[in-house]
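Comments concern the structure below.
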Ligand SMILES: NC(=O)c1ccc[n+]([C@@H]2O[C@H](COP(=O)([O-])OP(=O)(O)OC[C@H]3O[C@@H](n4cnc5c(N)ncnc54)[C@H](OP(=O)(O)O)[C@@H]3O)[C@@H](O)[C@H]2O)c1
């Protein structure tokens, strides 16, 4: 599997990661299936897995995603010492809804729990502040991450759902290595709001979330005529075309497609070998 550097850290990660959200929400499959998906992803060379404290059904099930990944890594027969688990904090799941919580005390507690759930014997590889909470200033909300780095609980810090201005503010508090914002054929904001350009200029890894539009919308990819036509011509899936299109946009991009089936991850990794010409990228651009 092709690799990329995480930010400027010197740490190599697979050029395509695994998004674990579909394995933790209320529509999740049986745990044994999820563990098989993670094991298959590792077999195929994936070394970057994204999760969050809030990937769960509701508050009573908090940290489900981290528990699942930890269990899968522990039961994997191969070497997992180079696998980077990226988690997040800052969202809550009351009654299964999504709300923001940038309260520094809450963030300190959730970082401590994530650290323990992920094994407690080494720092969290990458902890991301999930989304800015307008009830707190960014500095207040990012200080817990800085403290946790200093305490050896977090190795690297990233941000998610941030504008360029917010990323700059965050970098005044703590070193940031990655940015995770939505980017897919229906939502191309990062190309226009300056975030992608900024990440490339500053060598921050850009992790596009919901690269296929999310678990409810991904079947609609077939409805983009150019994506469907290129998939047919190249003998690959529409998912591979979308990942190739995203990856063509910037060397900073490292997609984290979600999967809860082995067939999805097996198909998805094939995208590393799919290259689009400038003309093909522009044809997709005109349609999306
Ligand atoms: N930071 C944030 O605010 C935020 C928000 C949303 C998501 N995320 C992260 O981004 C990751 C990706 O987003 P996402 O999971 O919402 O959506 P997504 O990656 O756009 O789509 C995931 C869906 O696509 C299907 N799929 C994936 N590859 C496929 C293939 N090759 N063939 C057929 N179906 C395929 C999967 O189906 P199966 O489930 O049937 O395998 C899954 O349900 C998440 O898992 C999460 O880690 C972050």
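Out of all the residues in segment 37-55, which are free of Cβ contacts under 8 Å to residues at least 60 places away in the same chain and within 13 Å of the ligand (Cβ to nearest atom)?
Of all residues in segment 37-55, those free of Cβ contacts under 8 Å to residues at least 60 places away in the same chain come to 38-39, 42-43, 47, 49, 51, 55.
Matches in segment 37-55: 38, 49, 51, 55.
The residues of segment 42-56 include none that are closer than 22 Å to residue 97 by Cα and in a helix (DSSP H, G or I).
Report yes if residue 166 is crowded, with 19+ Cβ neighbours inside 10 Å, within 15 Å of the ligand (Cβ to nearest atom) and touching a residue at least 12 places away in the same chain (Cβ under 8 Å), otherwise no. Quick ask: steps written out before the conclusion?
On the way: crowded, with 19+ Cβ neighbours inside 10 Å: no; within 15 Å of the ligand (Cβ to nearest atom): yes; touching a residue at least 12 places away in the same chain (Cβ under 8 Å): yes.
No; evaluated as a whole, the condition is false for this residue.
Can we say residue 39 is more than 17 Å from the chain's Cα centre (by Cα), modelled with pLDDT of 95 or more, in a helix (DSSP H, G or I) and farther than 26 Å from residue 255 by Cβ? Spelling it out, it is not the case that residue 39 is more than 17 Å from the chain's Cα centre (by Cα), modelled with pLDDT of 95 or more, in a helix (DSSP H, G or I) and farther than 26 Å from residue 255 by Cβ. Scanning segment 81-90 for residues that are part of a strand (DSSP E or B) and either buried (at least 21 other Cβ atoms within 10 Å of the Cβ) or at positive phi (or both) yields 85, 86, 87, 88, 89. The residues in segment 57-80 that are closer than 23 Å to residue 11 by Cβ, assigned to a loop (DSSP other than H, G, I, E, B) and under 19 Å from the mean Cα position of the chain (by Cα) can be counted, and the count is 1. If you go through segment 75-109 and pick out every residue that is without any contact (Cβ under 8 Å) to a residue 12 or more places away in the chain and either more than 21 Å from residue 139 (Cα to Cα) or touching a strand residue (DSSP E or B) at 6+ places or on another chain (Cβ under 6 Å) (or both), you end up with 5. Considered as a group, the residues in segment 176-197 that are surrounded by fewer than 20 Cβ atoms within 10 Å (Cβ to Cβ) and touching a helix residue (DSSP H, G or I) at 6+ places or on another chain (Cβ under 9 Å) include one that is farthest from residue 4 (Cα to Cα), and that residue is 186.
If you check residue 62 against the conditions, is it free of Cβ contacts under 8 Å to residues at least 12 places away in the same chain and more than 22 Å from residue 182 (Cα to Cα)? Steps first, please.
On the way: free of Cβ contacts under 8 Å to residues at least 12 places away in the same chain: no; more than 22 Å from residue 182 (Cα to Cα): yes.
So residue 62 fails the test.
If you go through segment 63-79, how many residues are out of contact with any helix residue (DSSP H, G or I) (no Cβ under 9 Å at 6 or more places or on another chain) and either within 16 Å of residue 17 (Cβ to Cβ) or modelled with pLDDT under 95 (or both)? Summing the residues that are out of contact with any helix residue (DSSP H, G or I) (no Cβ under 9 Å at 6 or more places or on another chain) and either within 16 Å of residue 17 (Cβ to Cβ) or modelled with pLDDT under 95 (or both) in segment 63-79 gives 0. Of the candidates 253, 241, the single residue that is more than 17 Å from the chain's Cα centre (by Cα), under 16 Å from residue 271 (Cβ atoms) and buried (at least 22 other Cβ atoms within 10 Å of the Cβ) is 241.
Give the residues of segment 1-36 that are within 12 Å of the ligand (Cβ to nearest atom), buried (at least 19 other Cβ atoms within 10 Å of the Cβ) and part of a loop (DSSP other than H, G, I, E, B), sorted by residue number. Correct list: 16, 17, 20, 24, 25, 28.
Residue 173 - would you say it is surrounded by fewer than 23 Cβ atoms within 10 Å (Cβ to Cβ), farther than 30 Å from residue 122 by Cα and touching a helix residue (DSSP H, G or I) at 6+ places or on another chain (Cβ under 8 Å)? No: the conditions fail for residue 173.
The values are calculated or read from the model by the stated rules, or taken from the named source; none is laboratory data. Note that the coordinates shown come from a computational prediction; the quantities given were computed from them, not determined experimentally. So basically every Cβ, Gly included, is an ideal-geometry build from the backbone, and we count neighbours across all protein chains shown.
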